[in-house]
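S.K.: Please find one structure pasted underneath; my questions will follow.
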Amino acid sequence: MNTKNIACIGSGNMGRALMKGATSILPPGNIGFSDADISKAEVLAKELGAKVYSSNYDAVKEADFVFLAVKPQVLGTVLEEIAPALRMRVESKSPAILVSMAAGWTIKKIQILLDVGSVAKLIGPDWSEVNPTLTKAVPVVRIMPNTPALISQGVIAMAASSEVPEETLAMLEKILGAAGIVDRLDESYMDAVTGLSGSGPAFVYLFIEALADGGVQAGLPRDKALRYATQTVLGAAAMVKETGKHPGELKDMVTSPGGTTIAGVAALENGAFRGTVINAVDAAYNRSKKLG
């Protein structure tokens with residue numbers, strides 16, 4: 001494991017979160033960053049004790065795992081830039097494993113673009129109907145992490161192309177596991193994962209903020225309201241996880257007949273709380289599909 005190298009293209013929050021976890025598995029010197037803004041890569045590399053690659057191309061030439069921590073809107077440009085190095089690695093029978101976390105970008109689309117290069121621009125919305133013979137396809141792993149990975153409490157869904165050996169996938173799973181739980185699943189579910197756990201932290205933060213605001217309205221000082229709201233959400237989530245009980249059953253344990261909690265639950269239902277949350281996940285899911 002200590003002989004493996006990771007290159008992370010992009011040094012934003014998610015790249016930082018996953019590479020911070022990776023430093024507990026690999027020596028920091030085995031990890032490197034490249035970024036369009038080289039100063040950002042330098043700052044993060046210094047923080048983690050990692051190195052900086054002079055270019056994305058150089059990063060791909062040296063790394064065993066290449067993480068693409070860039071926005072979906074710029075992924076195509078980055079892939080075209082690194083495609084020659086990736087194909088060279090495949091031809092030399094020492095392929096780099098490409099790890100993409102871009103919402104909406106399927107493994108197939110990534111492999112097609114890497115294989116046909118700029119021709120992919122001509123495919124447009126009908127790219128999925130193109131089926132080139134990928135006899136030497138670049139091995140690709142698609143992941144969807146979320147921001148709690150920054151504190152090693154993330155959810156990381158993972159799917160891989162057939163070119164990725166099981167022992168390599170297990171190694172990657174161990175590296176990612178330092179940032180949270182890793183769950184393998186069929187790639188067809190990845191957009192749904194994006195809508196739920198990928199976007200979900202933002203929805204939870206809104207709920208915590210609203211819960212605290214309710215406490216302030218009821219007369220609590222702001223700092224105490226936020227503290228109580230945060231711990232309440234943390235504790236409730238732990239109850240679901242540790243007891244294995246359905247959330248509805250746990251809710252019923254709190255809601256006494258004619259009590260305070262059922263009054264609050266009724267207010268939430270009157271405001272279409274559950275339907276609104278479902279719609280939020282669905283909206284994020286559909287947006288993920290469009291990004292691809």
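S.K.: What accessible area per residue, rounded to a whole number of Å², is obtained for the chain using a probe radius of 1.4 Å?
M.R.: 53 Å²
S.K.: Per-residue HN-Hα couplings for segment 213-226, Karplus 6.51 cos²θ - 1.76 cosθ + 1.60 at θ = phi - 60°, whole Hz, x for Gly and Pro?
M.R.: 4, x, x, 5, 4, 7, x, 6, x, 4, 5, 6, 4, 5
S.K.: How big, on average over all directions, is the shadow cast by the Cα convex hull of segment 61-114, in nm²?
M.R.: For the Cα atoms of segment 61-114, the hull's average projected area reads 3.4 nm².
S.K.: Provide the percentage of antiparallel DSSP beta bridges, counting only those with both residues in the chain; round to the nearest 5.
M.R.: 15 percent
S.K.: What whole-number volume per residue, in cubic angstrom, does the convex hull of the C-alpha atoms of segment 200-283 give?
M.R.: 110 Å³
S.K.: Wrap a convex hull around the Cα atoms of segment 154-227, take a quarter of its surface area, and give that in square nanometres.
M.R.: Directional mean of the projected Cα hull area for segment 154-227 stands at 6.2 nm².
S.K.: Right, here's the next one. Rounded to two decimal places and with Rh computed the Kirkwood way over Cα pairs, what is Rg over Rh for segment 244-285?
M.R.: 1.08
S.K.: Please give the contour-minus-distance gain from THR3 to SER162: 0.36 nm per residue of separation, less the Cα-Cα distance, rounded to one decimal in nm.
M.R.: Fully extending the segment from THR3 to SER162 adds 54.9 nm.
S.K.: For MET239 and SER24 in one chain, what is 0.36 nm times their gap in residues minus the Cα-Cα distance, to one decimal in nm?
M.R.: 74.5 nm
S.K.: At a 1.4 Å probe radius, carbon and sulfur cover how many percent of the accessible area of the chain?
M.R.: Of the solvent-accessible surface of the chain, carbon and sulfur hold 58 percent.
S.K.: Calculate for the chain the 222 nm mean residue ellipticity that helices alone would give, adding -39,500 (n - 2.57) per DSSP H run of length 4 or more and normalising by residue count, nearest 500 deg cm²/dmol.
M.R.: Rounded to the nearest 500, it is -16500 deg cm²/dmol.
S.K.: Work out the FRET efficiency for LYS46 and LYS71 from their Cβ-Cβ distance, taking R0 = 25 Å, and round it to the nearest 0.05.
M.R.: 0.60
S.K.: Just to be sure I understand the model, the point goes 7 Å from the Cα along the line to the Cβ. What's the resulting THR232 to LEU220 distance in nm?
M.R.: Distance between label points: 0.5 nm.
S.K.: Also, I was wondering about something else. Treating only the Cβ atoms of Lys and Arg (+1) and Asp and Glu (-1) as charged, compute the dipole magnitude of the chain about its Cα centre; round to the nearest 20 debye.
M.R.: That gives a dipole near 320 debye.
S.K.: Of LYS71/LYS289; LYS71/LYS109; LYS136/LYS289; LYS20/LYS241; LYS4/LYS174; LYS108/LYS290, which pairs sit farther than 22 Å apart, going by alpha carbon to alpha carbon?
M.R.: The answer is LYS136/LYS289; LYS20/LYS241.
S.K.: From the C-alpha gyration tensor of segment 137-292, pull out the three semi-axes of the equivalent ellipsoid (sqrt of 5λ each), sorted largest to smallest, in whole Å.
M.R.: Whole-Å semi-axes of the equivalent ellipsoid: 36, 17, 15.
The values are calculated or read from the model by the stated rules, or taken from the named source; none is laboratory data. Computed from a prediction, not measured in an experiment: that's the story for all the values here. Don't worry about glycine lacking a Cβ; one is built from the backbone with ideal geometry, like all the others, and counts go over all protein chains shown. Surface areas here come from the heavy atoms of the whole protein model, side chains and all, with no ligands, DNA or RNA. Shrake-Rupley method; radii C 1.70, N 1.55, O 1.52, S 1.80 Å.
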